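Heads up: the structure comes next, in structure tokens.
Please treat every number below as a calculation from the coordinates, not as lab data. None of the values given here were measured: they were computed from a predicted structure. A quick note on method: Cβ atoms are made from the backbone with ideal geometry, for glycine too, and the neighbour counts reach across all protein chains shown.
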Amino acid sequence: MWQENSNQGSIMVGENSKKITIISLVCVVIGVAIAGVFWFFYSAPTASQTTAVSSSESPQTPLKMSSYYIVLPDPFIFNVSGKDRDRVVQIKVQLMVRGEVNEALANKHAPLIESVLLQTFAATTVEQLRQPLGREQLRQQALTTVQATMNKMTDMPVVERVLFTGFVMQ
């Protein structure tokens, strides 16, 4: 009889150690979850940090404003001169703007933007467009020209990026 009690006692000790192990694991998992939540919320930028970042950016492009893409419906088709021969180029363009106000302004002035882009594109050469760096310079020049034009019209740059979504040279 004494052995039966002792076996039951050892079974109880085994069950208790399993319970303690399970409870310990649950406590560790909960602790890690709580630490993760604190890290997530306290590592995010505070309002003062966000304001500091926003103030360094231009007032027309705050961090929280949504991006809108304006598809210019027709591709730009123009001739460019080269050393050997002239080429025909086709570029599809989209404009990235921030906020609904800039979207409305860009849509309102789309014909003017298209005209300025066509003038900018027509001033390039075949040699410039053959190189990726040359195409990037053209895209940057197009952005600068569009922003300058929109500044004259609206006192804001309006367009944040000019995107080439299609490029063919023949």
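Please list the non-local residues whose amide H lies under 5 Å from the amide H of Glu160, H modeled 1.01 Å from N, same-chain partners needing a gap of 5 or more.
Under 5 Å from the amide H of Glu160 lie the amide H atoms of Met96, Val97, Arg98, each far enough along the sequence or on another chain.
How far apart, in nm, are the 7 Å Cα→Cβ label points at Val88 and Ile22?
The answer from the label model is 7.7 nm.
Starting from the 7 Å offset along Cα-to-Cβ, what nm value, one decimal, do you get for the label separation of Asn107 and Gln131?
4.0 nm
Where Lys and Arg each count +1 and Asp and Glu each count -1, what net charge lies around Phe167 among other residues with Cβ under 14 Å from its Cβ?
Local charge sum for Phe167: +4.
Semi-axes of the equivalent ellipsoid of segment 69-170: what are they in whole Å, largest first, if each equals the square root of 5 times a C-alpha gyration tensor eigenvalue?
26, 12, 11
7 Å from Cα along Cα→Cβ at both Glu15 and Thr144: what's the point-to-point distance in nm?
It works out to 8.2 nm between the two label points.
For Ala123, which sequence-distant residues (separation of 5 or more, or a different chain) have an amide H within less than 5 Å of its own amide H, given hydrogens modelled in the peptide plane?
Sorted by chain and number, the residues that satisfy this come to none at all.
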